[in-house]
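Participant: Below is the structure I would like to discuss, written out as structure tokens.
The values are calculated or read from the model by the stated rules, or taken from the named source; none is laboratory data. Quantities reported herein were computed from a predicted structural model and do not represent experimental measurements. We place every Cβ from the backbone using ideal geometry, glycine too, and count neighbours over all the protein chains shown.
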Amino acid sequence: MAQTSYRTNVRSVYMKHATVAAAAILIIFLLCAGCTQEKQNPVTAPPTTTVPEPTTVATAVPTTDVQPVQTLPSAQQVYLVLQKDRVYSTITLTFNGGPGLLFTDSVEMKVTRSDGGVIDKFMDDGAKPKSADTLDIPGTRGSDHCEVWVTSAGVRYKVMEEDLVLGGFYGF
């Protein structure tokens, strides 16, 4: 009878340890689930204010302002991200600050759409941009040409010039 009681106690202790170990492994798996992608910092949208929409010119205007893309001086460098939404064709320019944040007076983006329309807008309506500010311009399903200028320490630099083309499943 004493042996049966001993076996029961050993089984009971073994089962408790096995249950704790299984629970610990399950918790580890749950904590690791979804951690296979790179961590992305959330972008907080700046508070929205009602601002009159800038005028859109629907005719193609030949540009006489042909400039090469320039590099800002290293102390005035800022980080810009330009992208085109695959679903809505919206062209978004995001200002992510940088060493030249204090020198930056304005950011301007000009989009020549594939339908011939030209839209020219300033970020924050020409005010001094802040980190995480965005500028959205409606694009087309075709190839849109985009140019970006940064005015830093009173000097205007053309910092980007790209043709934005949709590709893949949603593109033509």
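Participant: Specify which of the listed residues (D105, D120, D163, D144) is touching a Gly at 6+ places or on another chain (Cβ under 9 Å), at negative phi and among the acidic types (D, E). Write out each step before concluding.
Facilitator: Numbers: D120 fails: touching a Gly at 6+ places or on another chain (Cβ under 9 Å); D163 fails: touching a Gly at 6+ places or on another chain (Cβ under 9 Å); D144 fails: touching a Gly at 6+ places or on another chain (Cβ under 9 Å).
Among D105, D120, D163, D144, only D105 is touching a Gly at 6+ places or on another chain (Cβ under 9 Å), at negative phi and among the acidic types (D, E).
Participant: Name the residues in segment 108-139 that are within 15 Å of K84 (Cβ to Cβ) and in contact with a Leu (Cβ under 9 Å, 6 or more places away or on another chain), would you?
Facilitator: Residues satisfying the conditions are M109, V111, T134, L135, D136, I137, G139.
Participant: As an exercise: evaluate S114 against (1) surrounded by 14 or more Cβ atoms within 10 Å (Cβ to Cβ); (2) modelled with pLDDT under 95; (3) out of contact with any Asp or Glu (no Cβ under 9 Å at 6 or more places or on another chain) and give the number of the one condition it does not meet.
Facilitator: Of everything listed in (1) surrounded by 14 or more Cβ atoms within 10 Å (Cβ to Cβ); (2) modelled with pLDDT under 95; (3) out of contact with any Asp or Glu (no Cβ under 9 Å at 6 or more places or on another chain), S114 misses just condition (3).
Participant: I would also like to ask the following. I'd like to verify a number: residues in segment 117-138 that are aliphatic (A, V, I, L, M) and more than 19 Å from G97 (Cβ to Cβ), how many?
Facilitator: Let us first name the residues in segment 117-138 that are aliphatic (A, V, I, L, M), namely 118-119, 123, 127, 132, 135, 137.
Filter once more, so that each one left must be more than 19 Å from G97 (Cβ to Cβ): 118-119, 137.
Within segment 117-138, residues that are aliphatic (A, V, I, L, M) and more than 19 Å from G97 (Cβ to Cβ) number 3.
Participant: For T94, state whether it is in contact (Cβ under 8 Å) with a residue 40 or more places away in the chain and in contact with a Ser or Thr (Cβ under 6 Å, 6 or more places away or on another chain). Working first, answer last.
Facilitator: Working: in contact (Cβ under 8 Å) with a residue 40 or more places away in the chain: yes; in contact with a Ser or Thr (Cβ under 6 Å, 6 or more places away or on another chain): yes.
Yes: the conditions hold for T94.
Participant: Give the residue that is farthest from D136 (Cα to Cα), with candidates limited to residues of segment 50-81 that are at pLDDT 90 or above and of a type in the set (A, V, I, L, M).
Facilitator: Selected residue: A75.
Participant: Conditions: (1) in contact with a Phe, Trp or Tyr (Cβ under 8 Å, 6 or more places away or on another chain); (2) modelled with pLDDT of 95 or more. R86 meets all but one. Number of the miss?
Facilitator: R86 satisfies every listed condition except (2).
Participant: Something else now. Tell me the residue from R113, R156 that is over 16 Å from V78 (Cα atoms) and of a type in the set (K, R), please.
Facilitator: On the way: R156 fails: over 16 Å from V78 (Cα atoms).
Matching residue, one of R113, R156: R113.
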